[in-house]
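These notes concern the structure reproduced below.
The values are calculated or read from the model by the stated rules, or taken from the named source; none is laboratory data. If you're wondering where the values come from, they're calculated on a predicted model, not measured in any experiment. With ideal geometry, Cβ positions are generated from the backbone for all residues, glycine too; neighbour counts draw on all protein chains shown. Please note that ligands, DNA and RNA were not included when accessible areas were found on the heavy atoms of the full protein model with its side chains. Shrake-Rupley method; radii C 1.70, N 1.55, O 1.52, S 1.80 Å.
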Amino acid sequence: MMMSISQVDPTLAQFLNDRPRRRVAVIGAGAIGRAVIDVLARGGVEGAELACVVNPHPVPDVDVPQVTVREAIRTCDVIVECAGQVVVAQYAATILDAGVDLLVSSVGALADQALLERVLRAGPGRLLFTSGAVGGVDLLASAAVEAPFDRVRVTSRKLPASLLQPWMDDATQERVRTTTEPVEIFRGPAGEAATCFPRSLNVAATVAFAVGDFDLVEVSLVADPAAELTTHVIEAEGPTGHYRFEIANRPSPANPRTSGVVPHAVLRSLSVLVGRPVRIV
Ligand SMILES: NC(=O)c1ccc[n+]([C@@H]2O[C@H](COP(=O)([O-])OP(=O)(O)OC[C@H]3O[C@@H](n4cnc5c(N)ncnc54)[C@H](O)[C@@H]3O)[C@@H](O)[C@H]2O)c1
């Protein structure tokens with residue numbers, strides 16, 4: 001269990017409690033957003049106060065106002081996106097231009113070059129991506145500063161049902177749905193992967209941002225009927241060394257496309273954004 005400073009010393013806890021908190025809006029109340037909302041609502045992130053929630057349908061058991069994105073921008077210091085790529089595409093630049101910080105879960109949205117350029121020009125709000133379902137990106141980003149990688153590969157293995165896409169023709173959908181053995185359903189650069197599998201390949205986009213090159217990252221996506229856990233193998237070779245990370249995440253019971261660890265990653269990213277963290281970042 002993670003121990004926060006406030007659990008160590010009650011005087012310090014009081015001091016931290018008295019510090020001004022940043023007003024946080026959460027967009028999306030699904031597998032990730034609901035868990036984030038619940039932790040924020042009970043004051044679980046030092047320096048953050050849940051101010052409002054944005055969701056297309058009413059969210060039960062929430063004591064803060066449920067508002068539109070535009071109202072959230074007007075009243076909050078930080079917006080946490082847990083809704084999907086469309087929301088990032090539609091609102092990221094507006095949020096940042098209003099001076100509101102934005103924490104993004106749907107990292108794959110920014111594989112779109114035109115959107116990325118627009119968002120990078122926006123501000124003064126700060127833009128942060130959560131590391132989400134993936135690990136090792138800190139080390140990859142550090143290594144990429146020394147020199148570009150020669151080769152980066154992400155192999156993701158998921159349950160077939162979580163990989164079905166509206167653009168797949170009937171024959172492909174049937175092949176993915178009924179396969180009895182692992183089948184590679186995509187191989188290509190990270191940008192294309194994030195666009196073709198918008199809810200499933202945020203991991204590839206996150207790795208691509210870490211190494212600073214979407215075209216360099218080769219993605220292989222495997223539909224595996226035996227994949228009880230969602231796995232990602234990240235391999236990178238470059239002048240600073242060779243790296244291999246293997247991640248096996250249990251899917252969220254609320255949404256098998258999302259790993260159960262992701263809300264905790266989002267909350268951790270948020271605490272870095274709002275507080276004075278004493279931790280590894
Ligand atoms: N970075 C990562 O590692 C990672 C991992 C998993 C998911 N994700 C991203 O996080 C997103 C959310 O994941 P999830 O599992 O919680 O999805 P989910 O489908 O369980 O929940 C999405 C929520 O967003 C709401 N929503 C949809 N459109 C909206 C809009 N226009 N405005 C406000 N709310 C809207 C939905 O009503 C729903 O409550 C995914 O779409 C995916 O892009 C990122």
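Brief remarks follow.
- Just one of (1) open to solvent by less than 50 Å² (accessible area, probe 1.4 Å); (2) modelled with pLDDT of 95 or more; (3) more than 12 Å from the ligand (Cβ to nearest atom) fails for Gly47. It is (2).
- Residue in region 235-256 that is nearest to the ligand (Cβ to nearest atom), counting only those that are part of a strand (DSSP E or B) and over 24 Å from Glu146 (Cα atoms): Asn255
- Odd one out for Val87, checked against (1) in contact with a strand residue (DSSP E or B) (Cβ under 8 Å, 6 or more places away or on another chain); (2) hydrophobic (A, V, I, L, M, F, W, C); (3) at pLDDT below 95: (3)
- Residue in region 7-21 that is modelled with pLDDT of 95 or more, at negative phi, open to solvent by 40 Å² or more (accessible area, probe 1.4 Å) and in contact with a strand residue (DSSP E or B) (Cβ under 8 Å, 6 or more places away or on another chain) present: no
- In a residue-by-residue description of region 207-221, the property of being open to solvent by less than 40 Å² (accessible area, probe 1.4 Å) and without any contact (Cβ under 8 Å) to a residue 60 or more places away in the chain applies to no position.
- Top-ranked residue of region 9-43 - restricted to ones that are under 25 Å from Tyr91 (Cβ atoms) and charged (D, E, K, R), ranked as farthest from the ligand (Cβ to nearest atom): Arg21
- Ala122 vs. criteria surrounded by 15 or more Cβ atoms within 10 Å (Cβ to Cβ), closer than 27 Å to Ala48 by Cβ and near the ligand (Cβ under 10 Å from one of its atoms): no
- Filter result for the condition that a residue is among the β-branched types (Val, Ile, Thr), over 21 Å from Tyr243 (Cβ atoms) and surrounded by 15 or more Cβ atoms within 10 Å (Cβ to Cβ), over Val134, Val154, Val176: Val176
- Number of the exception - Val183 against (1) in contact (Cβ under 8 Å) with a residue 24 or more places away in the chain; (2) open to solvent by less than 20 Å² (accessible area, probe 1.4 Å); (3) of a type outside the set (S, T, N, Q): (2)
- Residue match in region 30-44 (condition: in a loop (DSSP other than H, G, I, E, B) and open to solvent by less than 30 Å² (accessible area, probe 1.4 Å)): no
- Helices (runs of 4 or more DSSP H) contained in region 129-219 and holding at least 1 residues away from the ligand (no atom under 14 Å from the Cβ), closer than 26 Å to Asp101 by Cα and more than 20 Å from the chain's Cα centre (by Cα): 137-146
- Residue match in region 257-265 (condition: open to solvent by 40 Å² or more (accessible area, probe 1.4 Å), more than 16 Å from the ligand (Cβ to nearest atom), not in a strand (DSSP E or B) and not small (Gly, Ala, Ser)): no
- Flag for Glu235 being in contact with a Phe, Trp or Tyr (Cβ under 8 Å, 6 or more places away or on another chain), open to solvent by 20 Å² or more (accessible area, probe 1.4 Å) and either modelled with pLDDT of 95 or more or not β-branched (Val, Ile, Thr) (or both): yes
- So Ala114, is it surrounded by fewer than 23 Cβ atoms within 10 Å (Cβ to Cβ), touching a residue at least 60 places away in the same chain (Cβ under 8 Å) and outside any loop (DSSP other than H, G, I, E, B): no
- Identity of the residue in region 79-99, surrounded by 24 or more Cβ atoms within 10 Å (Cβ to Cβ) and more than 10 Å from the ligand (Cβ to nearest atom), that ends up nearest to the chain's Cα centre (by Cα): Val80
- Yes/no for Val62 being at pLDDT 95 or above, within 11 Å of the ligand (Cβ to nearest atom) and over 16 Å from Ser269 (Cβ atoms): no
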